[in-house]
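*Asks:* Handing you this structure, nothing more for now.
The values are calculated or read from the model by the stated rules, or taken from the named source; none is laboratory data. Quick caveat, the model's predicted, so the values are computed rather than measured. Using ideal geometry, Cβ is built from the backbone for each residue, glycine included, and neighbour counts are taken over all protein chains shown. Please note that ligands, DNA and RNA were not included when accessible areas were found on the heavy atoms of the full protein model with its side chains. Shrake-Rupley method; radii C 1.70, N 1.55, O 1.52, S 1.80 Å.
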Amino acid sequence: MIVEFKYAGQSGIVSGLRETRVGFATNAARDPAFFRGTMRSPTLFREAMASLYSVVVSDYKYHPRDRLAFKAWLDEQDRKFLANLGNRTEQAKVRIAALEARREVLDQQRINRLKPFYRSRAEYFEWVYTHQYELNYLLDPVITVHPDELSFEAFSRDESSYARVGMKYDLFEKIDEFACGTTNIDFSAALHGELSRMRSYRRTRFDIDPTGLSMAAEGGSSHKEKKIDLPESWVKGFLQVQSSMTLGLTRLRIEPVDLYNLCRFLKRHKARTSPRAMRWELVPGKRARVVFEPWEEAVEMGASAVFDGPKPLTIRTWGRDRLSTLARIIPIAQRIDVFLAGTGLPTVWLADLGEITFTLALSGWTDNDWTSGAGRFDLLSRRMDASPLELTTTWDALKLTRRGTDVGLSQVTGLGVEKTRSALSYLCQVGRAMYDLGGGVYRQRELFPEPFTVKEAIAAVVAPAPSEASPAGQRAQTIFGSNGVLITARRPVSNGYKLSGSVKGVDGYRYRPMLGVDAAGRILEATCTCAWSQKHGLTQGPCEHVLALRLGHMHRLEAEGS
Amino acid sequence: MRMFRPTGPERLVAIAVEPVAGSADRISLRVQRFFKRGALTGTEAYGPFALDELEDRLADLSDDLASAGFTRAGVRAMLDRINSPSARRRALSALRLGWIGDRTAVDPLIDRATLEGTELSCVVEALGRLGDSTAVPLARVEAARKLLSRRRAGAEALRALGDAEGMAEVSQRAVDRLPQAMRDGWKAVDASAVDEDALTDLEAVFAHLDVKEQFLALDTLYEIGAPLAVAFVRRVLATHADLHRPHRWRYTKSILRRATLRDDGETFAVVTRRVELLSRKPSATMAVVKSGLDGQSRQTRVFSTPTQRHVRKAAWRYLERLARYRPARYTEVAAAVLAAYRPEDRELPKGNGDEWSRVYLYNRILRRFDGRLFFNPKTLRTSVVNPKAKAALLPTARTESFPLVWDAYPRPLLTLLAEAKVVEVQQFALRAVTARHPELPRLATARQLVGMLTAVFPDTVTLALSELDRRFNPLAPDWALLEVMMADERAVIREHAVALLTRCADAWTTDIERLVGFVGSPDALLRSTAASLVLAALPTADPWFRRELAERVLAILQAPETSEGINDGFARVARDGLAEELNAILGLDEILAMIDRGSTAAKVAGGALLGSRPEAVDLLGTDRILAMAMSDIAAVRQSAHALLGSALARLRSDPSVLFALTDCEWKDTRAFAFELLRGPVDVAALGLDGIVGLCDSNRTDVQEFGREMALKHFDALDSAALLQRLAEHPSPVIRRFAVDLAVAHLKEGFVALSGLEAFFRRALLDVMPDRREKVLVVDFLRERGLRDERQAEVASRVLGEFVRTRGKGDFERALDALVRLKLQYPQVDSVVGVSA
């Protein structure tokens, strides 16, 4: 999908001796969302945005070394060897050696002579690279003006990290005017550099506006357009993040110094061999420990990180180097909440900076990115059917209030909590809403410029739910339809049900899935004896046997209800 | 040449070509008449005459003898054999008749062709070689056949006979036969000229053809025979990895056959070299292919060892026939073959072999009579007779085949010197030139001379340089040679051209047309050197010449650039050599127009001119000069610097202009601003805001300058405010500076210390901190905390958090500080406690 970013102005910061003006140019092709105010704590904003930028440009995927130069050298050696084959006499060899030596001297002289040229060329290439990279590859952050906060959301370059900066309006000493909505902002390396010049001793005007700073470039207009091939998977990434945030997550509150210790260790140690996981050891009533593999070095968290779960847990997460993107906010953070989903599953870091909340969601490991990796966290959720009318009603309610809990919104819509929750899930899936883990509320956040229409609502509900549309979901339906599900044990627990069953797979063999679901049918934990589940666990979503067992359970629930 | 008649007192005539003593390019013909071999009956001599007339004189002589009943030796025997019951003998005799070239064979061959035996293709080929137009109707019929061998023979005969109409039909049919994609591609290019882009386009089309169609298309293109088609065929054959595979080899063979019929040495060389290299390892393939003879599909071994041997031997037979019947063509084709080999074609020596043992044609052409080598006709390998003996060849020894032919037609030796990449081949050619044809380099074309300059053999380069020296007269340079050298794609040749251009600078720096051509050359080195030479010559040039040149250069600069950077030489000349003349011609408005709207070169020239016009300051205004000081063009920036430098009084009254320049993205402009702010303009006028503004920059040099100014004016500034502001800087360098200032100058009391609490926290919680900085902060907090209780609270809070980090060295220092604070002020909250 080619998405056009059209900026009538230019984002930028003008720092005078006594005043700074921050202007973010918004995508003119989208909602006319705007915001104008004066900042109270610009340095807080500066640090949060610096972290967001470090997430946006980060790429921790493995990139093999470029061996072109080595191959060229090898070819040169071959050429020399073959060229010298015919020269058998000592005299010839001596002469060739002398000539080679002379050539090396001349080459070195030429290199020295051309050093300024090479340096300038390298600088030019760097400029071209940065310019083109920003223009063609960096996906500008999505900015949303909410009634109570401003938020910036973005994915990293490797699409394995998602970051969100939520700025409460307390950050501003004066708010002139604003209009809620979602749009993109022009965000460049130069802007990042300028952001670092923000100071509290300068009055800081903060404008989000289609014209940005309206700085006319010399000899022409500052109009800038980007056309980026926005992958469907990127949109899917937003959905996956939402899905993972609504999972049953294990929460730990740590102190900034704990994060400092983790980052410091990672900065000073680079693992050359596997395993490279960061192992969370959680024992009820005790402080959480993080063990770094392969050195088995343990870092004990602070007093606030006492685990209050019912039984000991060990959770391994990978792609730990991505934590270094949080380094800038450590000194200004007041507390940090860590949400763990399970081994190889996403981790969410929520840093409370006072008037700003910084959210960093990391996929299970770097290669299992949010947007195109194998993660299928949407399969873990379960929702009821919703009609197009219910969907538009919920969307209208959300549009009216701009934010709200599922309970609060259900009162507005009059649809009931479960129905509203399902409708919100649909809206999240089509990019019309988001779940704010920090605030525990749903917010309106339009990923696309086009308004939400009845037609789209019909398309959203007619399209099968992810759990049904996926191959695993379809196989689960087949299994359930052929009476292949036998629930062997089912007991209610405090947060839902624990189930075990025997499922006859499509291959004819019987498997024994075990499942923990909440009252809404969301999978909290699951295991299965099938090979796929043994290999991947839940890192790539549940297997068809688990989904089939859940179908059996939901069917039983409905029967009991009637 | 020998001629024979069966009857009469003189039955044998031998014609010999003899050089005229003392005259290299004149020859004479000696005719000896015999009754029979050994029985001489008379001798005649004709000439002397020029070498160029040889063929005409020989033709006259043979016509005279033919009228007396003589025919070329062997013709009668071949004419007898042409009616042999054996098809093989008929075919061979027809081919031999074609080589001999006696036109008395034309009618018998046409008669034979009417019988349409299996030797028909050979008969048509022979008629083509004979070049008699009476064979055209037959060739046209054959060229329209479907069977490849007959069509090929007919088409190539028509080409040899020069039948333009027949060839047009052949080409049209060939184009129609091309696969659709290739046909479209072929129609889209200009076939008459060899153009790199067209070749690339054809390559792209070729790559997407079906494998079975690729080489069929290639053979068809070669049949068309346009220069572009031939160049394309050569390129593909030289690079394609699998020309010996099924569906390809058949057409490769066909192209080789066509190349021999056309005496196309380069294509012949490309194919034979690839065959030689492919023959080194087993490369035969079994495949079901359709026979060209009977149309049946059979399981066949493609490119088998016998086939390889046959092709290699046939290639040498062809060269031998050339040497015997077309000696002038022999040296050309042999030179093309030798020039095609590359150093990487060598092999690691095995047993008695050497690097070239398995390259059959190379050995036949170049080392046939080397007494140290032994040729095995069964394996076609040449091995060293005695590997341990290290006998060198005598300088006069001749190892090549047909040395007399090489002596008679030495011109292709220049091809070898210019194009051969193998050292031994270069040595052979150089030895022949220096020993027997020292005058030959004088005949080298400019292109050959240029090729010799980049030869792999140093002595060849020396020879080329000496010839270049001989030819090049700085007072009357060979402009044509210079043009060829300057247009060469190899940088080293263009460097030679530049060197020559420098030698003859006097001959062109006074000629405006040539000067403009060189200074506006597409080659950057040439442009730059030419501009330097012009600049060196201008001080002594006549005033009228300078004026005229200035006008010409101005016209060029004011016109749009044809390609980026092409006018930079003119900009240099204008800036450094013609400023005076241009200032006289141009008004201020025109200069500004050049800067505003001109090309980069025009901006450079305009900028240089503007710098010498101080009156422009008032006209332009400060904002405009500021914008110019930040321009992308260095010369424009420099002119802005010059203008600002001439307006110091204005800058002293308002230094904020310079403050804006300190954060310019160009280093030279920043350096200019620093220089003024250090000297004539006082930065202190900007106050604390100005100095902190400098430190707040993201550029390290500006930060450094800001630090320098802060220290210089520290006494005049509010130190507390300065510290408070510097403490917010995110750069570790400025943070360290602020730490040093705080340690040395922070005011006494709780208020000053608590104001920097967040700063100290940031310094200590940096993931990659400066060790010395941490030590300074911990010691400072300890020291200040010990002074009073409230400061102890601040210090305990910061150190209490820091002590929980995992830094081993700093842990003890921080703990020590905390303990001391706790002992002094037990009531202060701390992470450490005092037990009784």
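*Asks:* Using the structure shown, decide if B:Ala574 is without any contact (Cβ under 8 Å) to a residue 40 or more places away in the chain and of a type in the set (Gly, Ala, Ser).
*Replies:* Values: without any contact (Cβ under 8 Å) to a residue 40 or more places away in the chain: yes; of a type in the set (Gly, Ala, Ser): yes.
So B:Ala574 passes the test.
*Asks:* Being part of a helix (DSSP H, G or I) and more than 14 Å from chain A (Cβ to nearest Cβ) narrows it down to one residue among B:Thr396, B:Thr382, B:Thr415; which is it? Full working, then the answer.
*Replies:* On the way: B:Thr396 fails: part of a helix (DSSP H, G or I); B:Thr382 fails: part of a helix (DSSP H, G or I).
Going through B:Thr396, B:Thr382, B:Thr415 in turn, the sole match is B:Thr415.
*Asks:* Can you confirm whether the stretch B:454-475 contains a residue that is closer than 27 Å to B:Ser563 by Cβ, of a type outside the set (Asp, Glu) and either part of a helix (DSSP H, G or I) or touching a Lys or Arg at 6+ places or on another chain (Cβ under 7 Å) (or both)? Lay out the reasoning, then the answer.
*Replies:* Going residue by residue through the stretch B:454-475, those that are closer than 27 Å to B:Ser563 by Cβ are B:454.
Now drop any that are not of a type outside the set (Asp, Glu), which leaves B:454.
Next, from what is left, pick out any that are either part of a helix (DSSP H, G or I) or touching a Lys or Arg at 6+ places or on another chain (Cβ under 7 Å) (or both): B:454.
Yes; the residues of the stretch B:454-475 include at least one that is closer than 27 Å to B:Ser563 by Cβ, of a type outside the set (Asp, Glu) and either part of a helix (DSSP H, G or I) or touching a Lys or Arg at 6+ places or on another chain (Cβ under 7 Å) (or both).
*Asks:* Conditions first: (1) more than 35 Å from the chain's Cα centre (by Cα); (2) surrounded by 14 or more Cβ atoms within 10 Å (Cβ to Cβ). B:Gly587 passes all but one, so which condition is the exception?
*Replies:* With (1) more than 35 Å from the chain's Cα centre (by Cα); (2) surrounded by 14 or more Cβ atoms within 10 Å (Cβ to Cβ) applied to B:Gly587, the lone miss is (2).
*Asks:* Test B:Ala629 against the stated conditions and say whether it is at pLDDT 85 or above and within 23 Å of B:Ala593 (Cβ to Cβ). Full working, then the answer.
*Replies:* Details: at pLDDT 85 or above: yes; within 23 Å of B:Ala593 (Cβ to Cβ): yes.
Yes: the conditions hold for B:Ala629.
*Asks:* Right, another one. Being in contact with a Ser or Thr (Cβ under 6 Å, 6 or more places away or on another chain) and closer than 23 Å to B:Ser254 by Cα is the requirement here; does B:Arg90 meet it?
*Replies:* yes
*Asks:* Testing B:Ala429 on (1) more than 13 Å from chain A (Cβ to nearest Cβ); (2) assigned to a loop (DSSP other than H, G, I, E, B), one condition comes back false. Which one is that?
*Replies:* (2)
*Asks:* Now a separate question. Conditions first: (1) surrounded by fewer than 20 Cβ atoms within 10 Å (Cβ to Cβ); (2) modelled with pLDDT of 90 or more; (3) within 13 Å of another protein chain (Cβ to nearest Cβ). A:Val290 passes all but one, so which condition is the exception?
*Replies:* For A:Val290, the exception is condition (1).
*Asks:* What pairs come out if I take residues in the stretch B:425-440 that are under 14 Å from B:Arg411 (Cβ atoms) and pair them with residues that are open to solvent by less than 10 Å² (accessible area, probe 1.4 Å) and assigned to a loop (DSSP other than H, G, I, E, B) whose C-beta lies under 9 Å away, six or more apart or interchain?
*Replies:* Pairs that qualify, where the first residue is under 14 Å from B:Arg411 (Cβ atoms) and the partner is open to solvent by less than 10 Å² (accessible area, probe 1.4 Å) and assigned to a loop (DSSP other than H, G, I, E, B), are B:Ala429/B:Ala420; B:Ala432/B:Glu400.
*Asks:* Would you check if B:Ser357 is within 14 Å of chain A (Cβ to nearest Cβ), part of a loop (DSSP other than H, G, I, E, B) and open to solvent by less than 30 Å² (accessible area, probe 1.4 Å)? Talk me through it step by step, then tell me what you get.
*Replies:* Details: within 14 Å of chain A (Cβ to nearest Cβ): yes; part of a loop (DSSP other than H, G, I, E, B): yes; open to solvent by less than 30 Å² (accessible area, probe 1.4 Å): yes.
For B:Ser357, the condition - within 14 Å of chain A (Cβ to nearest Cβ), part of a loop (DSSP other than H, G, I, E, B) and open to solvent by less than 30 Å² (accessible area, probe 1.4 Å) - is met.
*Asks:* Looking at (1) open to solvent by 40 Å² or more (accessible area, probe 1.4 Å); (2) in a loop (DSSP other than H, G, I, E, B), can you tell me which one B:Arg725 breaks?
*Replies:* Only one criterion is unmet by B:Arg725, namely (2).
*Asks:* Just for helices (runs of 4 or more DSSP H) wholly inside the stretch A:450-562: which have at least 3 residues that are open to solvent by less than 80 Å² (accessible area, probe 1.4 Å) and at pLDDT below 75?
*Replies:* A:454-462, A:466-469
*Asks:* OK, next. Only helices (runs of 4 or more DSSP H) wholly contained in the stretch B:631-681 count here; list those with 2 or more residues that are over 14 Å from B:Gly611 (Cβ atoms) and open to solvent by 20 Å² or more (accessible area, probe 1.4 Å).
*Replies:* Numbers: elements: B:634-645, B:648-653, B:656-662, B:667-678.
Those helices (runs of 4 or more DSSP H) span B:648-653, B:656-662, B:667-678.
*Asks:* Still on this structure, please answer the following. Does B:Glu165 satisfy being out of contact with any helix residue (DSSP H, G or I) (no Cβ under 8 Å at 6 or more places or on another chain) and in a helix (DSSP H, G or I)? Walk me through it before giving the result.
*Replies:* Values: out of contact with any helix residue (DSSP H, G or I) (no Cβ under 8 Å at 6 or more places or on another chain): yes; in a helix (DSSP H, G or I): yes.
In short, yes.
*Asks:* Which one is nearest to B:Leu781 (Cα to Cα) among residues in the stretch B:718-735 that are of a type in the set (S, T, N, Q) and within 12 Å of chain A (Cβ to nearest Cβ)? Before you say what the answer is, go through the steps one by one.
*Replies:* Filtering the stretch B:718-735 for residues of a type in the set (S, T, N, Q) gives B:719, B:724, B:731.
If we keep only those that are within 12 Å of chain A (Cβ to nearest Cβ) too, we end up with B:724, B:731.
Working: B:Gln724: 17, B:Ser731: 22 Å.
Among those that are of a type in the set (S, T, N, Q) and within 12 Å of chain A (Cβ to nearest Cβ), it is B:Gln724.
One line per residue, one yes/no per condition, for (1) away from chain B (no Cβ under 14 Å); (2) under 30 Å from A:Trp318 (Cα atoms); (3) exposed (fewer than 10 other Cβ atoms within 10 Å of the Cβ):
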position: A:Ser58; (1), (2), (3): yes, yes, no
position: A:Lys61; (1), (2), (3): yes, yes, no
position: A:Pro64; (1), (2), (3): yes, yes, yes
position: A:Phe70; (1), (2), (3): yes, no, no
position: A:Asp75; (1), (2), (3): no, no, no
position: A:Arg79; (1), (2), (3): no, no, no
position: A:Asn84; (1), (2), (3): no, no, no
position: A:Glu90; (1), (2), (3): no, no, yes
position: A:Lys93; (1), (2), (3): no, no, no
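*Asks:* Further, regarding this structure: Of B:Ala524, B:Ala530, which residue is open to solvent by 20 Å² or more (accessible area, probe 1.4 Å) and farther than 30 Å from B:Glu439 by Cα? So that I can check it myself, show each step before the final result.
*Replies:* Numbers: B:Ala530 fails: open to solvent by 20 Å² or more (accessible area, probe 1.4 Å).
Within the list B:Ala524, B:Ala530, the selection yields B:Ala524.
*Asks:* Only one residue in B:Val751, B:Val819, B:Val777 is among the hydrophobic types (A, V, I, L, M, F, W, C) and in contact with a helix residue (DSSP H, G or I) (Cβ under 7 Å, 6 or more places away or on another chain), so which one is that?
*Replies:* Values: B:Val751 fails: in contact with a helix residue (DSSP H, G or I) (Cβ under 7 Å, 6 or more places away or on another chain); B:Val819 fails: in contact with a helix residue (DSSP H, G or I) (Cβ under 7 Å, 6 or more places away or on another chain).
Just a single option satisfies the conditions, and that option is B:Val777.
*Asks:* Take the residues in the stretch A:322-338 that are open to solvent by 20 Å² or more (accessible area, probe 1.4 Å), more than 16 Å from A:Gly302 (Cα to Cα) and outside any loop (DSSP other than H, G, I, E, B), then tell me which one is nearest to the other protein chains (Cβ to nearest Cβ).
*Replies:* Initial filter on the stretch A:322-338 (open to solvent by 20 Å² or more (accessible area, probe 1.4 Å)): A:324, A:327-328, A:332, A:334-335.
Adding the requirement that they be more than 16 Å from A:Gly302 (Cα to Cα) leaves A:324, A:327-328, A:332.
With outside any loop (DSSP other than H, G, I, E, B) added as a condition, the list becomes A:324, A:327-328.
Details: A:Ser324: 7, A:Ala327: 4, A:Arg328: 8 Å.
Selected residue: A:Ala327.
*Asks:* Could you please tell me which pairs satisfy a Cβ distance under 8 Å, a separation of 6+ or placement on different chains, a first residue in the stretch B:774-791 that is assigned to a helix (DSSP H, G or I), and a second residue that is surrounded by fewer than 21 Cβ atoms within 10 Å (Cβ to Cβ) and among the β-branched types (Val, Ile, Thr)?
*Replies:* Taking only residues 6 or more apart or on different chains, the pairs are B:Leu776/B:Val743; B:Phe780/B:Val743; B:Leu781/B:Val794; B:Arg784/B:Val794; B:Gly785/B:Val794; B:Glu789/B:Val828.
*Asks:* Here's something else I'd like to know. Helices (runs of 4 or more DSSP H) wholly in the stretch B:48-107 with at least 2 residues that are closer than 17 Å to B:Leu127 by Cα - which ones? Walk me through how you get there before you give the answer.
*Replies:* On the way: elements: B:54-67, B:75-81, B:87-100.
Where helices (runs of 4 or more DSSP H) fall fully within the stretch B:48-107 and carry at least 2 residues being closer than 17 Å to B:Leu127 by Cα, they are B:75-81, B:87-100.
*Asks:* Can you pull out every residue in the stretch B:736-769 that is charged (D, E, K, R) and within 14 Å of chain A (Cβ to nearest Cβ)? Full working, then the answer.
*Replies:* Quick first cut of the stretch B:736-769, residues charged (D, E, K, R) only: B:736, B:740, B:747-748, B:757, B:761-762, B:766.
Within the stretch B:736-769, B:Glu757, B:Arg761, B:Arg762, B:Asp766 qualify.
*Asks:* Please enumerate the residues belonging to the stretch B:539-572 that are part of a helix (DSSP H, G or I), open to solvent by 40 Å² or more (accessible area, probe 1.4 Å) and not basic (Lys, Arg).
*Replies:* B:Pro539, B:Thr540, B:Pro543, B:Trp544, B:Glu548, B:Glu551, B:Ala555, B:Gln558, B:Asp568
*Asks:* State all residues of the stretch B:682-702 that are more than 9 Å from every other protein chain (Cβ to nearest Cβ), surrounded by 15 or more Cβ atoms within 10 Å (Cβ to Cβ) and among the charged types (D, E, K, R); if no residue qualifies, say none. Full working, then the answer.
*Replies:* As a first pass, look at the stretch B:682-702 and keep what is more than 9 Å from every other protein chain (Cβ to nearest Cβ): B:682-685, B:688, B:691, B:694-695, B:699-702.
Filter again for surrounded by 15 or more Cβ atoms within 10 Å (Cβ to Cβ), leaving B:683-684, B:688, B:691, B:694-695, B:699, B:702.
The answer is B:Arg699, and nothing else.
*Asks:* May I ask you to verify whether A:Gln108 is surrounded by fewer than 10 Cβ atoms within 10 Å (Cβ to Cβ), out of contact with any Ser or Thr (no Cβ under 6 Å at 6 or more places or on another chain) and either part of a helix (DSSP H, G or I) or within 14 Å of chain B (Cβ to nearest Cβ) (or both)?
*Replies:* Details: surrounded by fewer than 10 Cβ atoms within 10 Å (Cβ to Cβ): no; out of contact with any Ser or Thr (no Cβ under 6 Å at 6 or more places or on another chain): yes; either part of a helix (DSSP H, G or I) or within 14 Å of chain B (Cβ to nearest Cβ) (or both): yes.
Against the criterion (surrounded by fewer than 10 Cβ atoms within 10 Å (Cβ to Cβ), out of contact with any Ser or Thr (no Cβ under 6 Å at 6 or more places or on another chain) and either part of a helix (DSSP H, G or I) or within 14 Å of chain B (Cβ to nearest Cβ) (or both)), A:Gln108 does not qualify.
*Asks:* Still on this structure: Go through the stretch B:108-131 and count every residue that is buried (at least 17 other Cβ atoms within 10 Å of the Cβ) and part of a loop (DSSP other than H, G, I, E, B).
*Replies:* The first filter runs over the stretch B:108-131 and keeps only residues buried (at least 17 other Cβ atoms within 10 Å of the Cβ), leaving B:108-110, B:112-113, B:119-130.
Still in the running and part of a loop (DSSP other than H, G, I, E, B): B:119.
Residues meeting the conditions: 1.
*Asks:* Got a number for residues in the stretch B:794-812 being within 11 Å of chain A (Cβ to nearest Cβ) and of a type in the set (A, V, I, L, M, F, W, C)?
*Replies:* Count: 3.
*Asks:* Hey, does the stretch B:761-773 have a residue that's more than 60 Å from the chain's Cα centre (by Cα), of a type in the set (A, V, I, L, M, F, W, C) and at pLDDT 90 or above?
*Replies:* The answer is no; no qualifying residue exists.
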